[in-house]
Amino acid sequence: LSSSALALLVSEENADCGFALTADTSSYEYSGLRILTKQGLPMSEEQLTRIEAMMPGGIQVPPKSHRSCGTITHDTAAQQRYLRMLQEKNPDPRKKTTIRVAVDCANGVLSEIAKPLLSAYGMEVLELNCRPDGTNINNDCGVMSVGDLLDCVKKYQCAAGFAFDGNGERCLAVDEHGKLLDGDRILAILTQDALKQKTLGKAGVAATVMTNHGFLRFAEKNGVAVHITEPMPRFVAERMREEGLSLGGERGGYLDFSGM
């Protein structure tokens, strides 16, 4: 599961916390552990520091069986549950379209989700790098290498293309002319749409210190306040909670519109 899927399921199941084994945009050798709170949110710096302090330093921790420390249940239908949750966000069949799009799932967790989700709205979906084998995640594909996606969009005259990272957390887009749209441009598009739909709110949006000045000028021109954070997704999420924001993101393709 992606971290976003885990966040929804942790909250739905009233679990105490969630753990995601993820490499984000790195290869499989660099997978790490991400911990989510029972609300499905990234843990704060303070919480992570407290957990690290409880970990023994300089010694090997012996593995333990789940029989002595808890219960493990394998949810084989979790992917389908997540897919239904996403479809429920926009269930109106009148919004179906017949456009052709290309998706590069970086051989990651969205490989079984992207096509059925987009197909449900009538889109013709061309798949790239959707065959994970445990070692090919983020390997010259997805947001780290968009060359194949750019070629596919132009060759097959797609209306758009989308590249994800292996964890399904970041997304870059390609327009109908084969031009890459980074996270700042996508955030601007989402902000503009939210202004049109009057769903943005007066508080503004969250962005990072790496945000392009073009986005800042766009926001100023449209009277949108921008709350600047450190360049990590969890800082964006934290600032959104602190300021009551409904939209945030950063240049690398991390986008958060959980409040919309």
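The values are calculated or read from the model by the stated rules, or taken from the named source; none is laboratory data. Note that the structure is predicted; figures quoted are calculated from it, not measured. Glycine gets a Cβ as well: all are built from the backbone with ideal geometry, and neighbour counts include every protein chain shown. Just so you know, the surface numbers come from the protein's heavy atoms only, side chains and all, with ligands and any DNA or RNA stripped out. Shrake-Rupley method; radii C 1.70, N 1.55, O 1.52, S 1.80 Å.
Pull out the extension gain between K155 and S119, defined as 0.36 nm times the separation in residues minus the alpha carbon to alpha carbon distance; nm, one decimal. The partial results should precede the final answer.
Details: separation 36, 0.36 × 36 = 12.96 nm, distance 2.04 nm.
So the chain would gain 10.9 nm between K155 and S119.
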**Q.** the chain, relative contact order in percent, only Cα pairs under 8 angstrom and at least six apart counted
**A.** 15 percent
(Q) For Cα pairs less than 8 Å apart in space and 6+ apart in sequence, what is the mean separation divided by the residue count of the stretch 111-195, i.e. the relative contact order in percent? (A) 18 percent
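In debye, nearest 20, what is the charge dipole magnitude of the chain about its Cα centre with +1 on Lys and Arg Cβ and -1 on Asp and Glu Cβ, if you could check? Write out the running numbers ahead of the final one.
Numbers: 28 positive and 33 negative charges, 146 e Å.
In debye, rounded to 20, the chain gives about 700.
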Q) Taking +1 at the Cβ of each Lys and Arg and -1 at the Cβ of each Asp and Glu, which of A20, L41, P63 sits farthest along the dipole of the stretch 1-67 towards its positive end, judged by Cα position relative to the Cα centre? A) P63
**Q.** Accessible area of the stretch 1-50 divided out per residue, in Å², using a probe of 1.4 angstrom
**A.** 59 Å²
Q. In nm, what is the difference between 0.36 nm times the number of residues separating E176 and K196 and their Cα-Cα distance?
A. 4.9 nm
Q. So what's the back-of-envelope 222 nm ellipticity for the chain, counting only DSSP H runs of four-plus at -39500 (n - 2.57) apiece and dividing by all residues, rounded to 500?
A. -9500 deg cm²/dmol
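Shape call for the stretch 197-259 from the C-alpha gyration tensor, a ≥ b ≥ c root eigenvalues: rounded (a/c under 1.5), prolate (a/b greater than b/c) or oblate? Walk me through the numbers on the way to the answer.
Values: a/c = 1.68, a/b = 1.07, b/c = 1.57.
Taking the square roots of the gyration eigenvalues as a ≥ b ≥ c, the stretch 197-259 is oblate.
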Q. Excluding ligands and nucleic acids, what accessible area in Å² is computed for E127 using a 1.4 Å probe, to the nearest 10?
A. 90 Å²
Q. The stretch 1-88: which trypsin sites (Lys or Arg not before Pro) are DSSP loop and have at most 13 other beta-carbon atoms within 10 angstrom?
A. K38, K64
**Q.** For the stretch 1-53 versus the stretch 183-260, the gap between their alpha-carbon centres in whole angstrom
**A.** 22 Å
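May I ask you to give the percent of accessible area on the stretch 8-163 that is carbon plus sulfur, with a probe radius of 1.4 Å?
Values: 5270 of 10260 Å².
Answer for the stretch 8-163: carbon and sulfur cover 51 percent of the accessible area.
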Q: Taking the dipole about the Cα centre of the chain, with the C-beta of Lys and Arg at +1 and of Asp and Glu at -1, give me whichever of V143, Y121, L216 is farthest to the positive side.
A: Y121
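Leaving out ligands, DNA and RNA, what percent of the accessible area of the stretch 191-260 is carbon and sulfur, probe 1.4 Å? Don't skip to the answer; put the middle values down first.
Working: 1990 of 3970 Å².
Ligands and nucleic acids excluded, carbon and sulfur give 50 percent.
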Q. So, with +1 on the Cβ of K and R and -1 on the Cβ of D and E, and no other charges, what is the size of the charge dipole of the stretch 1-144 about its Cα centre, to the nearest 20 debye?
A. 440 debye
Q) From the square roots a ≥ b ≥ c of the eigenvalues of the alpha-carbon gyration tensor of the stretch 74-186, which class results: rounded (a/c under 1.5), prolate (a/b over b/c), or oblate? A) oblate
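Subtracting the Cα-Cα distance from 0.36 nm times the residue separation, let me have the gained length for N139 to R67 in nm, one decimal. Provide the component values of the computation, followed by the final result.
On the way: separation 72, 0.36 × 72 = 25.92 nm, distance 3.65 nm.
Extra length from N139 to R67 when fully extended: 22.3 nm.
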